[in-house]
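Trainee: Let me begin by handing over the structure; questions about it come next.
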Amino acid sequence: MALSRRNLISLSAAALAAGALAACSDERGGDTADPAPADGTTGAAPADGETTPTGGEAGGLIGIAMPTKSLERWNRDGAHLEGLLKEMGYETSLQYADNKQDQQNNQIQNMINDGAKVVVIASIDGTAMGPILQTAADAGVKVFAYDRLINGTENVDYYATFDNYKVGQLQGQYILDHMDDYKNDDGSINLEPFAGSPDDNNVRYFFGGAWDLLGPEVEKGTFTVPSGKAPADSDGWASIGIQGWASSGAQSEMENRINSFYGDGKKVNIVLSPNDSLALGIQQALEGAGYTPGEDWPLLTGQDADLANVQAMVQGKQTMDVWKDTRMLGEQVAKMVDQLVKGEEVETNDTETYDNGVKVVPSFLIDPVVVTMDNIEEQLVESGFYTAEDIGL
Ligand code: BGC
């Protein structure tokens with residue numbers, strides 16, 4: 001492996017610098033339909049002076065801070081976790097932040113003011129939360145990083161996620177296992193890699209997992225990257241990151257690459273897309289350039305099994321998806337929150353991997369799963385995630 005998992009963890013200066021760009025993202029809309037009251041609260045009972053979340057009974061307010069409504073998965077994640085916590089007897093404040101860290105920090109401040117015992121946060125820019133989490137710690141509020149690690153602060157108590165490095169490995173391994181089906185007549189294979197939003201701490205893991213497998217093959221000449229956008233190593237992901245995970249950003253990047261580097265009938269054979277929102281934009285660009293499913297459509301990866309992407313898979317426009325059953329993540333987090341509130345031991349299964357630059361955050365990692373047309377029914381329909389009708393089967 002060119003770059004070990006541990007190497008990926010250290011906070012790079014590039015990532016910190018990229019974090020400063022977060023406010024410029026173009027995927028910044030669509031969260032205005034948030035049904036929560038304008039003051040950002042649920043109207044939950046105010047703090048009763050009891051600030052420590054440990055050693056008590058179930059109950060009290062749990063804050064859930066999600067990044068954006070504009071991506072399907074976060075809507076599902078938020079609603080599911082909220083439902084589970086309510087069933088367990090908690091009150092909840094579920095907030096979406098329009099992909100703006102400042103807005104999320106204000107929402108967390110409101111949760112603290114409202115007496116939350118715990119806040120569960122899927123951050124936007126996990127390097128820009130130090131002050132608000134200090135406020136949380138001072139108020140005795142415990143913090144869970146949900147899906148995305150929060151960096152550069154000691155005030156993050158637990159992390160629960162899918163194994164992000166493995167997501168990338170599954171995408172990279174799928175490409176290696178199927179690349180022969182996508183070869184040009186002369187044996188060459190044109191690969192175009194993409195990476196996610198530079199302010200999201202998960203991106204280095206997704207990209208690193210895939211590039212640890214694909215990078216050496218680019219070096220050996222198994223793949224050519226006509227656009228030249230092939231990072232020299234797994235740490236080079238920020239140079240090809242799509243800000244805000246925007247489908248529109250991925251679409252215009254793919255259009256530029258096709259227009260500039262694919263003249264004279266040259267074809268894109270494989271696209272490494274780290275997630276579904278990017279894959280959707282890439283599909284638009286391929287369609288616009290005249291690629292046809294079942295004929296010259298490239299192998300295209302994804303992550304999340306969002307409905308539109310699963311439908312696209314059925315239509316032959318997306319080849320594989322890494323499915324993260326967000327119901328499992330919600331169940332795990334609800335259980336851990338409950339354990340913490342009750343003063344019980346909180347279940348973790350990894351105390352080495354996720355160093356946020358200040359501490360190694362005790363984590364629970366869940367395994368992601370590859371979905372293709374071969375197992376789509378078994379994985380997504382039989383598990384009750386979608387109906388066959390939903391996905392066009
Ligand atoms: C999540 C992915 C998601 C992406 C864009 C990442 O942090 O892990 O599941 O596709 O953010 O929202």
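Trainee: Per residue, how big is the convex hull around the C-alpha atoms of region 303-352? Give it to me in cubic angstrom, could you? Working shown, then result.
Mentor: Numbers: hull volume 4.2 nm³, N = 50.
Measuring per residue, one finds 84 Å³ for the Cα hull of region 303-352.
Trainee: Taking a cut-off of 17 Å between Cα atoms, list the lysines near K100, but don't count ones fewer than 8 places away on the same chain.
Mentor: Answer for K100, where 17 Å is the Cα cut-off: K69, listed by chain and number.
Trainee: Taking only Cα atoms, what is the 0 to 90° angle, nearest 10, from helix 202-220's long axis to the longest principal axis of the chain?
Mentor: So the helix axis and the longest Cα principal axis differ by about 20 degrees.
Trainee: For the chain, what does the helix formula give at 222 nm: sum of -39500 (n - 2.57) over DSSP H segments with n ≥ 4, over the residue count, nearest 500 deg cm²/dmol?
Mentor: Working: 12 runs with 140 residues, N = 393.
Calculated from helices alone, the mean residue ellipticity at 222 nm is -11000 deg cm²/dmol.
Trainee: Pairs K220/K267; K86/K359; K229/K359; K183/K229; K229/K266; K86/K324: which are spaced more than 28 Å apart, C-alpha to C-alpha?
Mentor: On the way: K220/K267 20 Å; K86/K359 31 Å; K229/K359 33 Å; K183/K229 20 Å; K229/K266 17 Å; K86/K324 23 Å.
In this structure, K86/K359; K229/K359 exceed 28 Å between Cα atoms.
Trainee: Mind checking the angle between helix 101-113 and the chain's longest principal axis? C-alpha axes, 0 to 90 degrees, to the nearest 10.
Mentor: 20 degrees
Trainee: Can you tell me what share of the DSSP beta bridges in the chain is antiparallel? A percent to the nearest 5 is fine.
Mentor: Numbers: 5 of 34 bridges.
Given both bridge residues lie in the chain, the antiparallel proportion sits at roughly 15 percent.
Trainee: Would you tell me the accessible area of T351, worked out with a 1.4 angstrom probe on the heavy atoms of the protein chains, in Å² to the nearest 10?
Mentor: Near enough 90 Å² of accessible area.
Trainee: Using only the alpha-carbon atoms, how far is helix 326-341 inclined from the longest principal axis of the chain? Give it as 0 to 90 degrees, nearest 10.
Mentor: For 326-341 against the chain, the angle is about 30 degrees.
Trainee: Okay, next question. With a cut-off of 8 Å between alpha carbons and a minimum separation of six or more residues, what is the relative contact order of the chain in percent? Working shown, then result.
Mentor: Working: 806 pairs, mean separation 74.1, N = 393.
Across the chain, relative contact order equals 19 percent.
Trainee: Here is a further query. What does the convex hull of the Cα atoms come to per residue for region 238-393, in Å³?
Mentor: Numbers: hull volume 23.2 nm³, N = 156.
Dividing the Cα hull volume of region 238-393 by its residue count gives 149 Å³.
Trainee: A follow-up question, please. In whole percent, how big is the carbon plus sulfur part of the accessible area of the chain, probe 1.4 Å, protein atoms only?
Mentor: That fraction is 47 percent.
Trainee: If you don't mind, there's one more thing I want to ask. So what does the Cα-only Debye profile of region 47-181 read at q = 0.13, 0.19, 0.21 Å⁻¹, as log10 I(q)/I(0), no solvent term?
Mentor: Treating every Cα as an identical point scatterer, log10 I(q)/I(0) equals -0.57, -1.07, -1.26.
Trainee: Additional query: What shape does region 230-290 have by the C-alpha gyration tensor, where a ≥ b ≥ c are the square roots of the eigenvalues, rounded means a/c under 1.5, and otherwise prolate means a/b greater than b/c and oblate the rest?
Mentor: On the way: a/c = 2.03, a/b = 1.27, b/c = 1.60.
It comes out oblate by the Cα gyration axes.
Trainee: Rounded to the nearest 0.05, what FRET efficiency do S188 and L393 have when you use their Cβ-Cβ distance and R0 = 35 Å?
Mentor: Values: r = 35 Å, r/R0 = 1.00.
About 0.50, to the nearest 0.05.
Trainee: Can you classify the chain as rounded, prolate or oblate using the Cα gyration tensor, where a ≥ b ≥ c are the square roots of its eigenvalues, rounded means a/c under 1.5, and otherwise it's prolate if a/b beats b/c and oblate if not?
Mentor: Prolate, because a/c is 1.5 or more and a/b exceeds b/c.
Trainee: Whole Å is fine, so just give me how far the alpha carbon centre of region 334-393 lies from that of region 153-201.
Mentor: Result: 18 Å between the Cα centres.
Trainee: Next question, about the same structure. How far is the Cα center of region 239-282 from the Cα center of region 294-331, in Å?
Mentor: Spelled out, the Cα-based centre of one part sits 16 Å from the other.
Trainee: So what is the accessible area of the chain per residue, in Å², with the probe set to 1.4 Å? Write out the running numbers ahead of the final one.
Mentor: Values: 15030 Å² over 393 residues.
For the chain, the solvent-accessible area averages 38 Å² per residue.
Trainee: Okay, moving on. In debye to the nearest 20, how big a dipole does the chain give about its Cα centre with +1 on each Lys and Arg Cβ and -1 on each Asp and Glu Cβ?
Mentor: Values: 25 positive and 61 negative charges, 156 e Å.
The dipole magnitude comes to about 740 debye.
The values are calculated or read from the model by the stated rules, or taken from the named source; none is laboratory data. Here the structure is a predicted model, which means the values were calculated and not measured. Reconstructed Cβ throughout: ideal geometry from the backbone, glycine too, with neighbour counts over all protein chains shown. Please note that ligands, DNA and RNA were not included when accessible areas were found on the heavy atoms of the full protein model with its side chains. Shrake-Rupley method; radii C 1.70, N 1.55, O 1.52, S 1.80 Å.
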